[in-house]
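Remarks on the structure that follows.
The values are calculated or read from the model by the stated rules, or taken from the named source; none is laboratory data. It should be emphasised that the depicted structure is a prediction, and the values quoted were computed from it without experimental measurement. We place every Cβ from the backbone using ideal geometry, glycine too, and count neighbours over all the protein chains shown.
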Amino acid sequence: MIHFIQEYCMDIEQFDLIMPIPLHPARKRERGYNQSFLLASKISKSFNINLNINLLIKVKNTKNQSLLSKKERWTNITDAFKIKNPNAVKNKSILLIDDLLTTGATSSEAAKVLKISGAKTVGVFTLAGAQLER
């Protein structure tokens, strides 16, 4: 991802904050780590952009998106995220980092919550994309 940003001259400096897509606490305990956090922390360090893992939280323990159809993914993730302190995202440009984009439902829902809370812009950057065949 870092190489991609450099190779394609991605305007990463426009972002005030980098945020990984959060996992629900139960899912994080189950998995032991958040892969989006691992990606986001490397990007944050490489480009000296603040990383925040405490503002955007997942409050709904959703079903695993990979097991659902395209339509089910959109309804499954609805209202899954909250912002702890909306003032901290107000007028900020935020880059969301996720490991995989399939339908865009997760990133879209997280971005919506950030925009409603006053974020100026929200970008999404993922490691990989997948084609859904359901």
Quiz item: Got a number for residues in the range 61-97 being within 14 Å of Leu23 (Cβ to Cβ) and modelled with pLDDT under 95?
Solution: 7
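Does the range 35-49 contain at least one residue that is of a type in the set (D, E, K, R), modelled with pLDDT of 95 or more, surrounded by fewer than 20 Cβ atoms within 10 Å (Cβ to Cβ) and not in a helix (DSSP H, G or I)?
Let us first name the residues in the range 35-49 that are of a type in the set (D, E, K, R), namely 42, 45.
Add one more test, that the residue is modelled with pLDDT of 95 or more, and what stays is 42, 45.
Checking the rest, the ones that are also surrounded by fewer than 20 Cβ atoms within 10 Å (Cβ to Cβ) come to 42, 45.
Right, trim to not in a helix (DSSP H, G or I) and you get none.
Checking the range 35-49: not a single residue is of a type in the set (D, E, K, R), modelled with pLDDT of 95 or more, surrounded by fewer than 20 Cβ atoms within 10 Å (Cβ to Cβ) and not in a helix (DSSP H, G or I).
Regarding Ala111, is this residue surrounded by 14 or more Cβ atoms within 10 Å (Cβ to Cβ) and either under 25 Å from Ile5 (Cβ atoms) or in contact with a Phe, Trp or Tyr (Cβ under 6 Å, 6 or more places away or on another chain) (or both)?
Values: surrounded by 14 or more Cβ atoms within 10 Å (Cβ to Cβ): yes; either under 25 Å from Ile5 (Cβ atoms) or in contact with a Phe, Trp or Tyr (Cβ under 6 Å, 6 or more places away or on another chain) (or both): yes.
Judged against the criteria, Ala111 is a match.
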Self-check item: All positions within the range 1-24 that are buried (at least 21 other Cβ atoms within 10 Å of the Cβ) and in a loop (DSSP other than H, G, I, E, B)
Solution: Phe15, Ile21, Pro22
Quiz item: Mind checking which residues of the range 101-134 are modelled with pLDDT of 95 or more and part of a loop (DSSP other than H, G, I, E, B)?
Solution: Ser117, Gly118, Ala119, Lys120
Quiz item: Of the residues Ser69, Ser93, which single one is surrounded by 11 or more Cβ atoms within 10 Å (Cβ to Cβ), under 17 Å from the mean Cα position of the chain (by Cα) and of a type in the set (S, T, N, Q)?
Solution: Ser93
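What are the residues in the range 50-100 that are small (Gly, Ala, Ser) and either free of Cβ contacts under 8 Å to residues at least 24 places away in the same chain or not in a strand (DSSP E or B) (or both), if any? Walk me through it before giving the result.
If we filter the range 50-100 for residues that are small (Gly, Ala, Ser), which is where we start, we get 66, 69, 80, 88, 93.
Passing the criteria: Ser66, Ser69, Ala80, Ala88.
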Quiz prompt | Search result, residues across the range 118-134 that are surrounded by fewer than 20 Cβ atoms within 10 Å (Cβ to Cβ) and either more than 19 Å from Lys42 (Cβ to Cβ) or among the aliphatic types (A, V, I, L, M) (or both) | solution = Gly118, Lys120, Thr121, Val124, Leu127, Ala128, Gly129, Ala130, Gln131, Leu132, Glu133, Arg134
